[in-house]
Each structure stands twice: as C-alpha cells, then as structure tokens.
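Structure first, commentary second.
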C-alpha cells in the first residue's frame, strides 16, 4: 500500500528547519540549500514544497502566527474577558523558552525588514496579526463597557500594540525579567480597562 504523505506536516517540518537556520545564522543565512541541509532533505525534494527563499521565509512567518494563535485559543478558553485579554497578550511575551524562541524569530524579521523590502512583506504577516489582536481586544472591551471612559478603541489598540512589542523587545534583550514584563502589562491593563486589577 503506498505511503500517505502529509504535505502540511512536511511544510511545518521545513518551516521549523527555517527557524533553526534563522536562530543560528540569521535571516541572511536562509537559502534553499541551507534549509535542505538543516532538514536532512535533498534540495530537489525541498523545492517540491518551498522552492524559493521568499517561500521559506513566508512559511516561517506563518508557522509563528499559527503557533501563537493556537496557544492563545487553548489558554483563553473559559476565562472571563479581562483574564482572557491578559492570557492572550502573555502568549507574545518571552516568558519561557518556547516564547523566547518565537520572539527571537519575530525580532529577526523585524530587524531585517528595515533594510530588505521582501523581508518586510513577510514581517507584515506577524505585525498585522498582532495589530488585529489589539484592535479586537479594545473593540470588544469597548462593546462590553469595560474600556475606561473617554478612550478611543483605535488609539488604545495602537498603544497596546506598542506596549506589548516594547515589552517583548526588552525581555528578549535581557533588560526586563518575567516579573517586570508582567508588572508593566498589568499596570497598563489596569489603566485602560474598567475595574481591572492586576492578578496576584
């Protein structure tokens, strides 16, 4: 009986190999050959799935978004709205090894997007996903009457995005530890959400 090939699993496997190359050699080290070697594939087999550097980088960005979103969905289910907001935002902060690795990938895309237009296009996948999450949070909180009076949901979404990205950078650079990141996040949420208290 012929072996059934799970093409999506193969693509995830390759995206994980791209991550390992990025973590070791930076985005500039990503190539079809480098990823093939890392994954233990022939270049011909790899090209059947992802034939160019751009496709490899796009797969790495998609994997990052997929993993974070899946974890948010698992960890926010059944929580009260404000608790769910905090839990969701914690998933993009480098609070453990898994999230530090994801943060390092995000930071690599951020850095190279400043000088390479094609990298900037892939970075938009991650950037837009985070901005949409912040928009969803502030919009939903406003509709539930839990956004502090007088605040503009659109402005607060941009501000929340900036706060979370800033915390992620400080955490990745070792300028702030887990307790510090959570303290700032909790203080910001207490400021913009009505009757919200920082978790103990």
### Message
Quick check: pseudo-label points 7 Å beyond the Cα along Cα→Cβ at residue 69 and residue 152, how many nm apart are they?
### Response
2.9
### Query
Can you give me the relative contact order of the range 9-118 as a percent, contacts being Cα pairs under 8 Å and 6 or more apart?
25
### Query
Normalised by the residues of the range 7-192, what does the relative contact order come to in percent, with Cα pairs under 8 Å and at least six apart?
18
### Task
Would you indicate which of (i) 119; (ii) 144; (iii) 131 is the value of volume of the Cα convex hull per residue in Å³ derived from the coordinates of this structure?
(ii)
### Query
Going 7 Å from the Cα of residue 143 in the Cα-to-Cβ direction, what parts of the range 51-79 have a backbone nitrogen less than 11 Å from that spot?
none
### Message
From the helices alone, meaning DSSP H stretches of at least four residues, give me the mean residue ellipticity at 222 nm for the chain, per-run term -39500 (n - 2.57), in deg cm²/dmol to the nearest 500.
### Response
-24500 deg cm²/dmol
### Task
Rank-order 39-49, 142-152 by packing density, defined as the average count of other C-beta atoms within 10 Å over each peptide's residues, highest first.
39-49, 142-152
### Query
If the chain between residue 162 and residue 116 were fully stretched, how many nm would it gain, using 0.36 nm times the residue separation less the Cα-Cα distance?
14.3 nm
### Message
Using a 10 Å cut-off around each Cβ, can you sort 67, 139 from fewest to most neighbouring Cβ atoms?
### Response
139, 67
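Coordinate-derived values only; no laboratory data. Since the structure is predicted, the reported quantities are computational estimates derived from the model, not experimental observations. No Cβ is skipped: glycine too gets one built from the backbone with ideal geometry, and neighbour counts run over all protein chains shown.
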